[in-house]
Amino acid sequence: MYTYQRLKDTREDTDKKQEDIALVLNITRQQYQLYESGKREMPMHHFVTLAKYYNISLDYLAGLIDTPRKLK
């Protein structure tokens, strides 16, 4: 099992639904839900897409740091 609580927290902080993020990633809502719940590992290219979408650093999105940093 993988830990992707930061994905859910970031999505909720931006008032987005799972469907919204699934559209950004060009996947189904069900597939995104599996990533967010930790039942399936999310590919790195989806992390990159979401970092750009949210304008936050990958290390924050991955849970390595606790304070979000904007992309330059």
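The values are calculated or read from the model by the stated rules, or taken from the named source; none is laboratory data. Source: prediction; values computed, not measured. Please note: Cβ atoms are built from the backbone with ideal geometry, for glycine as well, and neighbour counts cover all protein chains shown.
Quick one: in segment 52-72, which of the residues that are assigned to a helix (DSSP H, G or I) and of a type outside the set (Lys, Arg) is surrounded by the fewest Cβ atoms within 10 Å (Cβ to Cβ)? Restricting to residues being assigned to a helix (DSSP H, G or I) and of a type outside the set (Lys, Arg), the top hit is Asp59. Taking the conditions (1) touching a helix residue (DSSP H, G or I) at 6+ places or on another chain (Cβ under 8 Å); (2) of a type in the set (Ser, Thr, Tyr); (3) at pLDDT below 95 in turn, Tyr54 satisfies each one other than (3). Taking residues in segment 29-45 that are charged (D, E, K, R), and partners anywhere that are exposed (fewer than 15 other Cβ atoms within 10 Å of the Cβ), the pairs with Cβ atoms closer than 6 Å and at least 6 places apart or on different chains are Arg29/Glu19; Glu41/Tyr2. A search for C-beta distances below 7 Å between a residue of segment 1-25 that is among the aromatic types (Phe, Trp, Tyr) and any residue that is surrounded by 14 or more Cβ atoms within 10 Å (Cβ to Cβ) and outside any loop (DSSP other than H, G, I, E, B), counting only pairs 6+ apart in sequence or on different chains, returns Tyr4/Tyr35; Tyr4/Glu36. If you go through segment 9-49 and pick out every residue that is in a helix (DSSP H, G or I) and charged (D, E, K, R), you end up with 8.
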